[in-house]
1. Looking only at region A:644-662, decide whether some residue is surrounded by 18 or more Cβ atoms within 10 Å (Cβ to Cβ) and touching a Gly at 6+ places or on another chain (Cβ under 7 Å).
2. Working only within region A:564-603, note down all residues that are touching a strand residue (DSSP E or B) at 6+ places or on another chain (Cβ under 9 Å) and of a type in the set (A, V, I, L, M).
3. Within region A:712-751, how many residues are part of a strand (DSSP E or B), surrounded by fewer than 14 Cβ atoms within 10 Å (Cβ to Cβ) and modelled with pLDDT under 85?
4. Between a first residue in region A:584-606 that is under 17 Å from A:His662 (Cα atoms) and assigned to a loop (DSSP other than H, G, I, E, B) and a second residue that is among the β-branched types (Val, Ile, Thr) and at pLDDT 90 or above, which pairs have beta carbons less than 8 Å apart while being 6 or more apart in sequence or on different chains?
5. Quick check, is A:Pro746 within 25 Å of A:Leu643 (Cα to Cα), touching a Ser or Thr at 6+ places or on another chain (Cβ under 8 Å), of a type outside the set (Asp, Glu) and within 16 Å of RNA strand B (Cβ to nearest atom)?
6. Search region A:228-253 for residues that are within 30 Å of A:Ala185 (Cα to Cα) and pair each with any residue that is near RNA strand B (Cβ under 9 Å from one of its atoms) and modelled with pLDDT of 85 or more when their beta-carbon atoms are under 6 Å apart and the residues are at least 6 apart or on different chains.
Amino acid sequence: MGDVVARYKRARGYNVLHPMGWDAFGMPAENAAMQTGSHPAEWTYKNIEIMRGQLKRMGLAIDWSREFATCDPEYYVHEQRMFLEFLEKGFVERRRSFVNWDPVDQTVLANEQVIDGKGWRSGAPVERRELSQWFLKITDRADDLLEALDRLEGWPDNVRLMQKNWIGKSSGLKMTFRYVGEKPADADGLEIYTTRPDTLFGASFCAVSPDHPLAKAYAEKDEGAAAFIAECQAAGTSEEAIERAEKKGFRLPYEVAHPFVEGRRLPVFIANFILMHYGTGAIFGCPGHDQRDHDFAAKYGLDIIPVVLPAGEDARTFSVAEEPYVGPGSIFNSGFLDGMGVEDAKAEIIRRIEERGEGEGTTNYRLRDWGVSRQRYWGCPIPIVHCETCGVVPVLKDQLPVTLPGEADFSEPGNPLDRHPTWKHVNCPACGRPALRETDTFDTFIDSSWYFARFASAPEDRPTDPETADYWLPVDQYIGGVEHAILHLLYARYYSRNMKECGWLSVDEPFANLFTQGMVVHATYRDETAGEWLFPEDVKLDGETATRRDTGAPVTVGAIEKMSKSKKNVVAPEEIAEAYGADAARWFMLSDSPPERDVEWTAAGVEGAWRLVGRIWDAADAGRDALKAVDLAKAPETDGPALDLRRAVHGAVAGVTDDIEHFRFNKAIARLYELVTAVRKFETSDDAGAFARAEALSVLTRLIAPFTPHLAEECWEAIGGEGLVCDAPWPEADKALLQKDVILLPLQVNGKTRSQLEAPADADKDAIEKLALADPAVARFAEGKTIRKVIVVPGRIVNVVAS
RNA sequence: GCGGGCGUGGCGAAAUUGGUAGACGCAAGGGACUUAAAAUCCCUCGGCCGCAAGGCCUUGCCGGUUCGAGCCCGGCCGCCCGCACCA
């Protein structure tokens, strides 16, 4: 799709930058190293070599002079430099945090790599571990990232909505409940966060996360609490496990006072359903109006007090004993709040708590800071040294890049950088004494968060030349899968803001227009008895049945899925190009489905595209040197078939242009099929006919060029075009030829189409009405009825209403 | 559970956003050419009735608004995606 757009825009006279590069760090290379013994770098560059060849073979019009891989030290040196700049500016922080830890592979796993609570590679149950990690403080920009979404008009709504939900802004109240009686050390009160301050009078307990400092401190002197916390931490972190987990708590020996109800004391629990990383890691529970709190209260016999009354309910009979009520209503059982609506009550509580100095209204975000430390080899080294005397010390900028050691041991799990015999031993940049390098590497999402800027401008000595980068950025058209909707696209937006503050860019938003395209998918084939997946080329399809080519054994045709090596539902680009040519493959992929949807790769489908390539070539071949015989700038008077062809040609120009502009490639292709048919059927051979035919061939060749560039060049040469078609200007539609003198109007009687009216294109309503009433179909279907009304929509339809 | 999207022939899909439903392609069937096959070309192709002209029905289901609904509104059913103990 990107290639079609690039070629089309170039033909329209734009200065087009269409680059390509490789996001090349990451686990797959390291896994391959563990499995095959080859070095990640060797494996990666070899694959790049292969993929570059495949892309070139598909005829992608790419500026290869700008190519790079993110694992090139010439690229990541700038990443290290920017990290140090971010550190200086306070965009980065080192702190302890919980991670998913795979005890077998001995590495941190991303959430996406934890499947049903187990490591995706090792299958071992994942543990929660607290480690010191580097964080990019994306939450500092949460509000800006959220606000700016509204202005990203070139982005699909669903992606913007997903980011909005991911950032998850909520407004509520942060407040402190005072302890009564026994108190934990160094605290007078417990700070909680709530989005439902209106239900404060329904509070019957407080609870903290197992990771909350209060819980941890108490666990140090109480084995029961320690055991409870350990149990919570051992519980699966998968979504499924979380959903099924029973609400459980551990009663602490503390109580807090209700701020507005004299004498009401709330017990304090450690509870397994409280998240430390949201709000303050502590809540008040209102069982009457929250499902989780209700479950918890039912289990521990706590009060369930209704305080929100739904419209139409009677306060004397309304009960939340069985089910909590979470909807809107009016407040009751709540002293000074009684009678208020939910929103007014929220504002009133916040006002009073603020007045008493016990808390404040705040906004909260679901978004968490971006942990970027990975205990892996194949990533960009974090340019930091840990010194016993000086602490955390940045590597001096003139000593960058910190490169990966060429030799490393991949034979066992864990971080090869950490166990490398010499690599981590360096002298402290500050005091010069022996110190240790940071052995973590960056999350690979950092690599992909700024590559577009490097494509635009790639000086050797700094990340970008800002002026050059500004000429190109923001990216006019970004194309990618919807799977990037949150992570990559959010990180890149954030990173651009950081880069802007460091002076490397002047845009906040890196991608002006975003299109989320579908994937090429393929049916899966499996030999159930042998228990193995089969490549499509090893399967013989005959109507409903499928068999193995080698043994003839029956084959089960499975789901149509994203192509993956493990299920072997892949087709090698080389083989496609060999069998059908790159153009047929390009044409088919674009023709079969709307571009945002997946396209199923089928042999029959490519064959259809292949036939079309042949038909176009036949037409060009039959029109050899047609352009040399006429002057396209001097259109003769035409009528009859020649005029019809010219109209079809100019209609196609207008239609295809509009379709490409709006990413409707499948429709553009449908139009091109029609144009090909029109050209092939055209037979007139007089002067006007020769002109119309030459014009049609010239236009057709230029219109197909973005889709089938190789074919287009051959056709261009055959019909006698000057130079290369890729240098020829995009055709312009002649507006006069888009208008018709006579149009066909559907004629309805009582809303059902009964006939067609042939009317002058410029006929007014009265004239059309007269024509309609004279039509025999009206006489027939309105027979015995009175004509009540005639609705004329010029250029569209006529409807005669009779009853 | 919350949020979003989508349901149209045997299949992939169109429908100028309220105006002839099924463009275009795939598959299938029939025919021409050929000794034969491939390729190519022509025809048919949502369902029912009819020799035909033509008629009736049809966009997941039920109802509504409208001269007119695949499109708008209400209620169901089904599928897909995102988030998910977020207080």
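The values are calculated or read from the model by the stated rules, or taken from the named source; none is laboratory data. Note that the coordinates shown come from a computational prediction; the quantities given were computed from them, not determined experimentally. Neighbour counts are summed over all protein chains in view; Cβ atoms, including those assigned to glycine, are modelled from backbone coordinates with ideal geometry.
1. no
2. Correct list: A:Val570, A:Val571, A:Met589, A:Leu590, A:Val599, A:Ala603.
3. Residues flagged as part of a strand (DSSP E or B), surrounded by fewer than 14 Cβ atoms within 10 Å (Cβ to Cβ) and modelled with pLDDT under 85 within region A:712-751 amount to 2.
4. Listed pairs, sorted by first residue: A:Glu596/A:Thr516.
5. The answer is yes for A:Pro746.
6. Filtered contacts from region A:228-253: A:Cys232/A:Asn272; A:Lys247/A:Phe273; A:Lys247/A:Asp295; A:Lys247/A:Phe296; A:Lys248/A:Asn272; A:Gly249/A:Ala271.
Okay, residues lined up against (1) within 16 Å of RNA strand B (Cβ to nearest atom); (2) touching a Lys or Arg at 6+ places or on another chain (Cβ under 7 Å); (3) not in a loop (DSSP other than H, G, I, E, B):
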site	(1), (2), (3)
A:Leu675	yes, no, yes
A:Ala678	yes, no, yes
A:Ala688	no, no, yes
A:Ala692	no, yes, yes
A:Glu695	no, yes, yes
A:Ser698	no, no, yes
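The rows are residues; the columns are (1) within 16 Å of RNA strand B (Cβ to nearest atom); (2) closer than 15 Å to A:Pro706 by Cα.
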residue: A:Ala577; (1), (2): no, no
residue: A:Ala603; (1), (2): yes, no
residue: A:Leu632; (1), (2): no, no
residue: A:Thr638; (1), (2): no, no
residue: A:Val653; (1), (2): no, yes
